[in-house]
Structure formats: C-alpha cells, structure tokens
1. Of everything in region 62-92, what is assigned to a loop (DSSP other than H, G, I, E, B) and in contact with a Leu (Cβ under 7 Å, 6 or more places away or on another chain)? Give them in sequence order.
2. Could you please find all residues in region 70-86 being in contact (Cβ under 8 Å) with a residue 40 or more places away in the chain and more than 20 Å from residue 17 (Cα to Cα)?
3. Across region 1-29, which residue is surrounded by the most Cβ atoms within 10 Å (Cβ to Cβ) among those that are among the small types (Gly, Ala, Ser) and either in contact with a His (Cβ under 6 Å, 6 or more places away or on another chain) or farther than 12 Å from residue 75 by Cβ (or both)?
4. Any residue in region 40-61 that is of a type in the set (Val, Ile, Thr) and part of a helix (DSSP H, G or I)?
5. Give the number of residues within region 2-23 that are aromatic (Phe, Trp, Tyr) and part of a helix (DSSP H, G or I).
6. Answer yes or no: is there a residue in region 45-59 that is surrounded by 11 or more Cβ atoms within 10 Å (Cβ to Cβ), among the hydroxyl-bearing types (Ser, Thr, Tyr) and free of Cβ contacts under 8 Å to residues at least 24 places away in the same chain.
Amino acid sequence: MKAVYDKRLLRCIRRLSERELMVVHAAMHGTAAAFGRPRIHAGTGVQRLRENLYECRAGLGLRLLFERHGDELVFVFAGNHDEVRAFLKNRS
C-alpha cells in the first residue's frame, strides 16, 4: 500500500510541531505498510469507522482518518477525538 496526503489533511496538520509531523508521517507509512494484515496493523490502532473510512493513531491524542482507494491509503483528516467526531458528524 502507498500512503497519500490529501489537501484536507495538509490543512489539519499545518499547525503541528515538527516532532508531531514526524509522528504523523511515521503513522501514515506504518499503517500503509501493515494495512490488510490484521496481526500487524493491530499495533497501529487501525479501526474501520464506516464503509471506506478508517482511523489510525498518531501518538496519544492525534487520530488520522483515511480511505482506501485501490492500492493507496488516502489520509484525509487529522485531529483529536472530539475533532474526529465532529468531522464524522458533518460528513454523514
């Protein structure tokens, strides 16, 4: 799998520190490498939220939302628990 940044994600992460950006980058690529192999991706905190919408953790307080499109994981949003809930509510 290949990890892809969506422009919506870039808007979400522009406020993060350099260290936090490194954690996001590592979480994205770790999730992409492990996606589809449940024993491996269990450590990344991958959860299916909707039909083609998934979540993974990037540190303690940050979650990344992504969609699968063929052999790409398109990361579309980053935020804390409350921000993710608001994103999902507005998306439905």
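Please treat every number below as a calculation from the coordinates, not as lab data. Since the structure is predicted, the reported quantities are computational estimates derived from the model, not experimental observations. All Cβ positions, even for glycine, are placed from backbone atoms using ideal geometry, and neighbour counts span all protein chains on display.
1. So the first thing to find is which residues in region 62-92 are assigned to a loop (DSSP other than H, G, I, E, B), and the list is 62, 70-71, 80, 92.
Correct list: 80 only.
2. Across region 70-86, the qualifying residues are 71, 72, 73, 74.
3. Taking region 1-29 as the starting set, the residues that turn out to be among the small types (Gly, Ala, Ser) are 3, 17, 26-27.
Filter once more, so that each one left must be either in contact with a His (Cβ under 6 Å, 6 or more places away or on another chain) or farther than 12 Å from residue 75 by Cβ (or both): 3, 17, 26.
Values: 3: 19, 17: 8, 26: 13.
Per the stated criteria, the residue is 3.
4. Applying the first criterion (of a type in the set (Val, Ile, Thr)) to region 40-61 yields 40, 44, 46.
Narrowing further to those that are part of a helix (DSSP H, G or I): 40, 44.
Yes, region 40-61 has at least one match.
5. Filtering region 2-23 down to residues aromatic (Phe, Trp, Tyr) leaves 5.
If we keep only those that are part of a helix (DSSP H, G or I) as well, we get none.
Going through region 2-23 one residue at a time, the tally reaches 0.
6. Yes: region 45-59 contains one or more residues that are surrounded by 11 or more Cβ atoms within 10 Å (Cβ to Cβ), among the hydroxyl-bearing types (Ser, Thr, Tyr) and free of Cβ contacts under 8 Å to residues at least 24 places away in the same chain.
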